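Shown next, in structure tokens, is the structure this report addresses.
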Amino acid sequence: MGGSRGGLAGQLGGLLRAQPRASLGLPMLLLGTYFFYCLTGSCEPLPPAARQLRPPPRDPAGDRPEEPAAAAAAGGRSGPGSRRFPQAIIVGVKKGGTRALLEFLRAHPAVRALGAEPHFFDRGYEKGLPWYRNLMPRTLEGQITMEKTPSYFVTKEAPKRIYNMSRETKLIVVVRNPVTRAISDYTQTLSKNPTIPSFQALAFKNVSTGLIDTTWSAVRIGIYAKHLDNWLQYFPLSKFLFVSGERLVSDPAGEMGRVQDFLGLKRVVTDKHFYFNETKGFPCLKKPEGSSRPRCLGKSKGRPHPKIHGQVIQRLQEFYRPFNMKFYQMTGQDFGWD
């Protein structure tokens, strides 16, 4: 039987090396027969040409984010390291600069991060923690696992669910002037649905009285103090790092220094990693070693905002001011929005 298997493997290798002249039908038949024999005992390794038929594994932390469902299906895949629950999560906020921060962090060799937003603690919690862990990229000793889902910050159940996973989780919140953030949020929605009402119509319950509609998500997300109150019921302030979305643009190396310190990492990502993209209006990572081009955020980032009337912006600034002041007091940071 052993001689038969060895001969079969040799024939298979020869046929595969002859491709593409030969039809794939016979090699596939021999390949199936080969694996049938392997069920009865040991067999010699596949010839190199046959091994090349296997599709290369996709890295969940690679440059092209893998969809969560695909990553979960690959949970049992062998490889170096192990899958762990994230030790740090970027929990907010939408349109604050979370994607930029994640991409900057992925330039650090000690960070392994899931590219796609898993939305586990807000939309997929019923799938269970084992499913969630299987989404994560494998990490080696000394590396940390991360993910980012900005909607966690405004999801009432998220703090308790993350606490139940691990009370030691480090939480990063990227915040931005809530007025600018709301306009950016609206701009994104407008790009997908050009028929939506104007920003002014959505932002006000009553334009003549200046009553703000806090049920509109673009406005509600920016009431940071209210959302933080919910999180502080489960996590102490020491577990949070609040990153300025504005400084992430104007001084990315400085903000990244704070982030790396918070995560207990060496300051590897520094000013030498960045250049400012004049077209997009924000910093990009310089060309990484082994890459053919610099790493800049996609075309959906840096969209021009629609023109909003100055009185609308002024009224929103007045609305947010007391909430901003409370947020400054809660975090011990003045973000300079007022």
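Read-outs: derived from the displayed coordinates by stated rules, not from any lab. Please read all numbers here as calculations on a predicted model, not as lab measurements. Here Cβ is always computed from backbone atoms with ideal geometry, including for glycine, and neighbour counts include all displayed protein chains.
Quick notes on this one:
- Full-extension gain in nm, L211 to Q317, via 0.36 nm per residue minus C-alpha separation: 36.9 nm
- Over 32 Å between alpha carbons, listed pairs K205/K239; K272/K326; K239/K307; K94/K266; K266/K307; K127/K266: K205/K239; K272/K326; K239/K307; K266/K307; K127/K266
- In order along region 248-265, phi translates into HN-Hα couplings of 5, 8, 7, 8, x, 5, x, 5, 5, x, 4, 5, 5, 4, 4, 7, x, 9 Hz, rounded to whole numbers, per the Karplus curve 6.51 cos²θ - 1.76 cosθ + 1.60 with θ = phi - 60° and x for Gly and Pro.
- Top positive-direction residue, dipole computed over region 123-256 with Cβ charges, set V174, S250, M146: M146
- Oblate is the label for region 194-271. Its Cα gyration tensor axes, ordered a ≥ b ≥ c, give a/c of at least 1.5 and b/c at or above a/b.
- Length gained when the stretch K127-H309 is fully extended (0.36 nm per residue, less Cα-Cα span): 61.0 nm
- Nearest-20 debye value, region 160-319 charge dipole, Cβ charges on Lys, Arg, Asp, Glu: 480 debye
- Kirkwood estimate for region 163-216, i.e. one over the average of 1/r between Cα atoms, Å: 13.8 Å
- Each Lys and Arg Cβ is given +1 and each Asp and Glu Cβ -1; about its Cα centre, region 155-209 then shows a dipole of about 180 debye.
- The modelled label-to-label distance for the pair Q188/S166, using points 7 Å beyond Cα in the direction of Cβ, is 2.6 nm.
- Cα gyration tensor shape for region 223-262, rounded if a/c is under 1.5, else prolate or oblate: oblate
- Under 5 Å, built H, 5+ apart or other chain: amide partners of A116: E66
- Cα gyration tensor shape of region 96-161, rounded if a/c is under 1.5, else prolate or oblate by comparing a/b with b/c: oblate
- 3J(HN,Hα) along region 132-137, derived from phi through the Karplus expression 6.51 cos²θ - 1.76 cosθ + 1.60 where θ = phi - 60°, amounts to 4, 4, 5, 6, 6, x Hz, with x in place of Gly and Pro.
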